[in-house]
Amino acid sequence: MKIIASIICVFGFCTISMAQDLAYKPINPAFGGDTFNYQWLLNSADAQNKYKEDTTDAYKQPTDLERFKSNLNNQLLNRISNSLLDDQLGTGTGGTGTGGTGSGLGPGTYVFGTLSVDVYPSNLGLVVDILDTDTGEQTQVIIPGN
């Protein structure tokens with residue numbers, strides 16, 4: 001029995017085993033892979049990309065003249081709104097820079113560039129209709145009366 005155990009023990013430890021080296025070769029050329037894979041990887045990434053750059057709606061910086069026009073329109077609309085509120089609410093501060101007399105815009109139609117402003121009294125208060133003649137956009141503001 002000792003002989004059989006020793007023979008099994010000798011053959012168990014002396015068996016021939018075969019193996020090979022494990023080698024990793026990257027695919028991406030950025031990590032040492034083949035440079036011919038670059039175009040294939042780029043095309044594959046572009047095909048999977050769902051977000052495309054929209055070059056038609058690029059932001060355009062306004063010119064100095066456009067900024068001046070916008071600033072002037074804003075100042076005129078601000079002065080009109082202050083004048084209308086002062087007249088309707090009776091604060092007497094005067095929105096037109098006349099020293100606090102409270103003289104403002106009365107009922108009528110006013111044109112400022114592409115904006116047409118209609119001011120008229122109604123049973124709800126003072127109504128201001130603003131129409132942009134270029135785009136057709138329309139807004140109505142009602143200032144409640146006293």
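Yes/no matrix, rows are residues, columns are (1) at pLDDT 75 or above; (2) part of a helix (DSSP H, G or I):
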position: 61; (1), (2): yes, no
position: 74; (1), (2): yes, yes
position: 79; (1), (2): yes, yes
position: 88; (1), (2): no, yes
position: 91; (1), (2): no, no
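Identify, from the list 38, 51, the residue that is modelled with pLDDT of 80 or more and part of a loop (DSSP other than H, G, I, E, B). Outline the logic, then answer.
Numbers: 38 fails: part of a loop (DSSP other than H, G, I, E, B).
When all the criteria are applied, what remains is 51.
Among the residues of the range 113-146, which ones are of a type outside the set (Ser, Thr, Tyr) and without any contact (Cβ under 8 Å) to a residue 12 or more places away in the chain? Break it down into steps so the answer makes sense when it comes.
So in the range 113-146, the residues of a type outside the set (Ser, Thr, Tyr) come out as 113, 115, 117-119, 121, 123-132, 134, 136-138, 140-146.
Hits for the range 113-146 are 123, 136, 137, 138.
Working only within the range 22-79, note down all residues that are under 27 Å from residue 130 (Cα atoms), surrounded by 10 or more Cβ atoms within 10 Å (Cβ to Cβ) and among the aliphatic types (A, V, I, L, M).
Scanning the range 22-79 gives 72, 76, 77.
The values are calculated or read from the model by the stated rules, or taken from the named source; none is laboratory data. Fair warning: this is a prediction, and the values are worked out from it, not measured in the lab. For neighbour counting, all protein chains shown are included, and Cβ atoms are generated from backbone atoms with ideal geometry for every residue, glycine included.
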